[in-house]
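Accompanying notes for the structure given below.
The values are calculated or read from the model by the stated rules, or taken from the named source; none is laboratory data. The model shown is predicted, which means the values in this text are computed figures rather than measured ones. FYI the Cβ positions are ideal-geometry reconstructions off the backbone, even for glycines, and counts take in every protein chain you see. Keep in mind that these areas ignore ligands, DNA and RNA; they rest on the heavy atoms of the full protein, side chains included. Shrake-Rupley method; radii C 1.70, N 1.55, O 1.52, S 1.80 Å.
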Amino acid sequence: MVTGRGGLRGSPAFRTKMAAGWGLRRGLGRLLLGGPRGARGLGTARVLRQQQEFTSLEEKPQFPGASADFVDKLDFIQPNVISGIPIYRVMDRQGQIINPDEDPQLSQEQVLKFYKTMTLLNTMDRILYESQRQGRISFYMTNYGEEGTHVGSAAALDDADLVFGQYREAGVLMYRGYPLDLFMAQCYGNASDTGKGRQMPVHYGCRDRHFVTISSPLATQIPQAVGAAYAFKRDNASRAVICYFGEGAASEGDAHAGFNFAATLECPILFFCRNNGYAISTPTSEQYRGDGIAARGPGYGIMSIRVDGNDVFAVYNATREARRRAIAENQPFLIEAMTYRIGHHSTSDDSSAYRSVDEVNYWDKQDHPISRLRHHMVGRGWWDEEQEKSWRKKSRKRVMEAFEQAERKLKPSPQHLFSDVYCEMPSHLQKQQEALARHLRLYGEHYPLEHFEK
């Protein structure tokens, strides 16, 4: 458009158009103010009357970022604005049901499966821990004291639900039927290992059982799990995702990203936090200042609950209901299971450097999830001392057989160093593979190749 004096602005048509617009604006202004000049006082009175009817405190905020009311007093919200989030439980420490309405009414067969999975995991932990101490495997992480969080949550899921673990959820995989020989094969990195010996011990994975392979970096699984849950939602798959992590991992930025995306995208996911008291050597008193992890849920708009992680029935009830609602309502849930890590963080850790023996013994002897469930079973006449001795002997034999078999097997072929990454091997990897072959032909006698598959 030309805007100079000789252009459209100087033309009669332009001036006529502008005058018409000004007249329209004056008319609208009079209408909004109460009519023509003679009636302006009436319009002013109407505005004043509206101001008298609604005080400033009664005005509702229109900001899009929060739901709240205005206040006229300066006051910062205190971290302890509410008392501590309560801990839901079903059984007391003697295995007695506290509220009969909360009894999950599980069959004897189901409860026995709970107990046998928890004790079998405990036995496997003891043997593989000693195996590492003897130099037979390179690394191990036990699950002592946290068996109830594994089994209670796993039992509440559907077999098709997808599991993203951290590295202390072996019981979830065991409950789903993962065989002992594959646990052993992974820790030994032998030829039967589905990962072909390329992962460090305890980094399990199983596609058939919908258990995503574990990776070491903390909290990386959290946003990945949210992405999987979002895909389930888009596919109307009627499946949920459960993502396990510890209270230490909840301090990672990936946890924030995962929580926020899950809430805003309305994903059917269960965030399951095992709050076991320590992030390696860092106690919870140095890990956060708020009321644990469950208290963070409402800030993201996530339904949250805190449960007694040493009560397998409480874990089961909470996980089952959260899963049901996550799928029905397409929304995330946060479960914080309060428990205690009785063992060292890993075989690379000596926890006696940062906690007392008395502290560990209290949880091991006074509030262990296995002993609590055993008390319950004995009280119902489902278990006795003879059955306990027989099962302990039988379970140890099963673990030792798998252990001995894994130790005898050969390691995977070194050629697997180059496979399973690309559909077609690129030239640079082909050159490396050829270089390794030449090196082994010349210097093979210096390597224990007899322990590897050809």
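Summary table
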{"item": "Count of the stretch 301-321 residues which are closer than 18 Å to Ala255 by Cβ and not in a loop (DSSP other than H, G, I, E, B)", "result": "4"}
{"item": "Test: residue in the stretch 294-303 that is more than 22 Å from Leu106 (Cβ to Cβ), open to solvent by 60 Å² or more (accessible area, probe 1.4 Å), of a type in the set (Lys, Arg) and touching a Gly at 6+ places or on another chain (Cβ under 9 Å)", "result": "yes"}
{"item": "Test: residue in the stretch 245-253 that is in a strand (DSSP E or B) and touching a Lys or Arg at 6+ places or on another chain (Cβ under 7 Å)", "result": "yes"}
{"item": "Residues satisfying the stated conditions in the stretch 83-126, i.e. small (Gly, Ala, Ser), within 27 Å of Lys394 (Cβ to Cβ) and open to solvent by 40 Å² or more (accessible area, probe 1.4 Å)", "result": "Ser107"}
{"item": "Test result for Ala326, outside any helix (DSSP H, G or I) and either in contact (Cβ under 8 Å) with a residue 60 or more places away in the chain or under 21 Å from Glu169 (Cβ atoms) (or both)", "result": "no"}
{"item": "Helices (runs of 4 or more DSSP H) completely within the stretch 146-239 that count 3 or more residues being within 30 Å of Asp367 (Cα to Cα)", "result": "147-155, 170-175, 180-188"}
{"item": "Selection count, the stretch 388-417, where residues are surrounded by fewer than 14 Cβ atoms within 10 Å (Cβ to Cβ) and over 30 Å from Asn190 (Cβ atoms)", "result": "2"}
{"item": "Condition check for Glu147: over 13 Å from Met174 (Cβ atoms) and either at pLDDT below 95 or not β-branched (Val, Ile, Thr) (or both)", "result": "no"}
{"item": "Failed item, numbered, when Ser138 is tested on (1) in a loop (DSSP other than H, G, I, E, B); (2) under 24 Å from the mean Cα position of the chain (by Cα)", "result": "(2)"}
{"item": "All positions within the stretch 173-208 that are without any contact (Cβ under 8 Å) to a residue 40 or more places away in the chain, over 21 Å from Leu417 (Cα atoms) and in contact with a helix residue (DSSP H, G or I) (Cβ under 7 Å, 6 or more places away or on another chain)", "result": "Arg176"}
{"item": "Checklist (1) assigned to a helix (DSSP H, G or I); (2) more than 19 Å from Ser192 (Cβ to Cβ); (3) free of Cβ contacts under 8 Å to residues at least 12 places away in the same chain applied to Glu424, failing item", "result": "(1)"}
